[in-house]
Amino acid sequence: MRHRTTRHLTLILLASVSLAACGKKTAPAPDAAVEAALGAEAIAAESDRLNQWFDAKFEEQLDFSPIQRTFLGDKKDYDKIDDLSEAGEDAQLAWMRAAAAEMKSSFDYDKLSPEAKTSYDVWLYQLDRAEAAANFRRDQYVFTQMQGPQAFLPQFLIVFHKVDEPADMDAYVARIGGVARGIDQLLEQAKTNAAAGARPPLFAYEGVIAQSKNVIAGAPFTAGPDSPVFADVKTEIKTLLDAGKIDAAKASALEAAAKTALVEKFGPSYQALIDWFEADKANADKIATGVGKLPNGKAFYEMRLASATTTDITPDEVHAYGLSEVARLHGEMEKIKEKVGYKGTLQEFFTYMRDDDQFFYPDTDEGRQAYIDAATAHLDFIKAKLPDYFGILPKADLVVKRVEPFREQKGAAQHYFQGTPDGSRPGVYYAHLSDMRAMPKPQLEVVAYHEGLPGHHMQISIAQEATGVPKFRTQAGFTAYSEGWGLYSELLAKEMGAYEDPYSDFGRLSAELWRAIRLVIDSGVHAKGWTEQQAVDYFLANSPSAEGAIRSEVQRYIVWPGQATAYKIGMRKILEVREKAKAELGEKFDIKGFHDTVLGGGALPLGVLERRVDEWVAAQKA
């Protein structure tokens, strides 16, 4: 999103809040009361009509993404994946434009309820964001070591394509071919962008090649154990056979069909991807820097910042805020250092916590299981506390798992995948455990809260399960909101009684420091010309994080511009509106009501979130 359009939206939202604030009057005369009631009825009718329109349109929009349908537990188009070509992107954008025009011409904004106005604004905001991104299509990195389709698409088949019936397995086989087609389409985009000058650094090439080779290592492509997808195919077929849903002949036919799709379509697509990246990596930068080097790099980074933060913050403002927060958090960490009796400097304390064996689980299968067990125990503790802080609770369960071997990376960040809206598939908190020295015990607790409860699992599950807003709102994604909530939840967990061990509380501060450092490094790399090594050196000097985790993090920021800034910007806004609500409501402030207000409407741009909280405050005062 460009700054101009962001400011324009902000002015619209502020005008809406101002109009609402100015509307409080003395009790109306009886005839005015009748008129007001008729007005309320008209508002309810127009809002209901808009919500029905949204639900119909969202169903149309889902036709572009069989993958998203599967995430929602919907088996329509279960044998397909999305059209991942640029023509497919253009078709979706054209549909969004037409839908927005239809909405504007069919509905009267002034006759909508506050909640319906929010939905209207979010619908337009999503189009605005998509238009802005389309302007920088040639600047995008299509395949990288982070969030790359080469790893996600096989994971989608293995983890999210649920096989309950024989038809589901037929669909799985069809989707193997669909993944091959998707990889081919994305490779064409990567080639086009590389020709325009948008190549990720060499480490990204190496990551894509390694992950892609892992996907097609083993049968039926090479000798050895089954490859990840083929192993899953066999497991799914055996489950159907054992349940009596297919006979041996059908099982053999399904396995043969899957093998053919893998050998004739899937394997060649992945090999073509590997071959091109191997051939082109000589053109990739060995000394990694940010997107500022691209022909449209400055404007591209500003767009990514606006998209990630849903604000018009500038790179210089991001950098300055990061430096101030690093200094503040260092001061808080000094207090804990003194509390545990450490006599050296803060930097020496960082080294001590980075290197001392007491802060790590063994790099063994037993150590990895101990990590998962400890994270699960901390989440169970928080789960018992939730009713004291939230009125709305998630229905979906949460499980902690190790990342699948074919996509696991040493030191990579833990992450979360949502469950289904009906709770049939739980949310999953994934941890990379191939290098236990990159997974320090003091940071275990805080990461579990961020990814699980009261963090991403809480926020995303409540959004998906919401019934008072249109369905598209339950699936909307705004990084500053979701990651801001995740970071806010780390602090909230302390208010709920977590981090009894001072080293774990130091881990909490380390995690927030990590996000403050992200502000400095993301803007440093993409707007100030920092190299990867400069960023690593700054990170090492200012945090206790392990070097393996630091390098993985810095490489993430380099290929994912702007995203890392959303955490602190989002947290700052949530804390800001909470303090504002407390100041205005005094003893009437209810933390459960506040959290339900923040979470109950799904993910929102930060300006819209502030308006929502202001409306809640006004209602509490009435």
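Roughly speaking, what is the stretch gain from residue 298 to residue 376, that is 0.36 nm per residue apart minus the C-alpha to C-alpha distance, in nm to one decimal?
Between residue 298 and residue 376, full extension yields an extra 23.8 nm.
Under a Cβ-Cβ cut-off of 15 Å, what is the net charge of the residues other than residue 101 that fall near it, where Lys and Arg count +1 and Asp and Glu count -1? Before the final figure, lay out the partial values.
On the way: positive: 57, 97, 104; negative: 60, 102, 128, 131.
Net of charged neighbours comes to -1.
Size descriptors for segment 160-240: radius of gyration and Dmax over Cα atoms are 16.1, 49 Å.
Once you have the alpha carbon radius of gyration of segment 478-622, what is it after dividing by 2.2 N^0.38 Å, with N set to its residue count?
Working: Rg = 17.4 Å, N = 145, 2.2 N^0.38 = 14.6 Å.
Dividing the Cα Rg of segment 478-622 by 2.2 N^0.38 Å gives 1.20.
With only Cα atoms counted, segment 538-622 has Rg and Dmax values of 17.7, 54 Å. Across the chain, Cα pairs under 8 Å and at least six residues apart give a relative contact order of 17 percent. Measuring r between the beta carbons of residue 330 and residue 494 and using R0 = 22 Å, the FRET efficiency lands at 0.75.
Rounded to two decimals, what is Rg over Rh for segment 297-571 when you use alpha-carbon atoms and the Kirkwood radius?
Values: Rg = 18.3 Å, Rh = 19.2 Å.
Ratio value, two decimals: 0.95.
Sorting 506, 594 on the 10 Å Cβ count, fewest up front, what's the list?
Going from sparsest to densest Cβ surroundings: 594, 506.
Other residues whose C-beta falls under 14 angstrom from the C-beta of residue 361 contribute a net charge of -4, scoring Lys and Arg +1 and Asp and Glu -1. Our coupling estimate for segment 453-468, obtained by passing each phi through the Karplus curve with A = 6.51, B = -1.76, C = 1.60 and θ = phi - 60°, is 10, x, x, 4, 4, 4, 5, 6, 5, 4, 4, 5, 8, 5, 10, x Hz, Gly and Pro reported as x. Here the residues 139, 590, ranked from fewest to most Cβ neighbours within 10 Å of their Cβ, fall in the order 590, 139. Eigenvalues of the alpha-carbon gyration tensor of segment 211-323, scaled by 5 and square-rooted, set the equivalent ellipsoid semi-axes at 46, 21, 11 angstrom, largest first. Over the chain, dividing the summed -39,500 (n - 2.57) contributions of all DSSP H runs of at least 4 residues by the number of residues returns a 222 nm mean residue ellipticity of -21000 deg cm²/dmol. For the peptides 554-567, 386-399, residues were scored by their other Cβ atoms within 10 Å and the scores averaged per peptide; the highest-first order is 554-567, 386-399.
Hey, for a label at residue 113 modelled as a point 7 Å past Cα toward Cβ, could you say which residues of segment 456-478 have their backbone N under 20 Å away? From segment 456-478, the list is 462-476.
Amide H contacts of residue 416: 430, each under 5 Å away and 5 or more positions distant or on a separate chain (H built 1.01 Å from N in the peptide plane; Pro and chain starts excluded). Pairwise Cα distances in segment 149-284 exceed 26 Å for 28 percent of all pairs.
Gyration tensor over the Cα atoms of segment 100-192: the corresponding equivalent ellipsoid has semi-axes (square roots of 5 times the eigenvalues, largest first) of 35, 23, 12 Å. Cβ crowding within 10 Å ranks 326, 142 as 326, 142, fewest other Cβ atoms first.
Charge tally around residue 398: other residues with Cβ under 13 Å, Lys/Arg +1 each, Asp/Glu -1 each, net +1.
Packing, taken as the mean count of other beta carbons within 10 Å per residue, orders the peptides 512-522, 340-350 from highest to lowest as 512-522, 340-350. From the alpha carbon centroid of segment 377-417 to that of segment 209-281 is 30 Å.
Only one item in [x] 65, 37, 29; [y] 38, 33, 26; [z] 54, 24, 23 matches semi-axes √(5λ) of the Cα gyration tensor in Å derived from the coordinates shown, and that item is [y].
FYI, it's all coordinate maths here, none of it is from the lab. What you see is a predicted model; the values in this text were computed from it and never measured. All Cβ positions, even for glycine, are placed from backbone atoms using ideal geometry, and neighbour counts span all protein chains on display.
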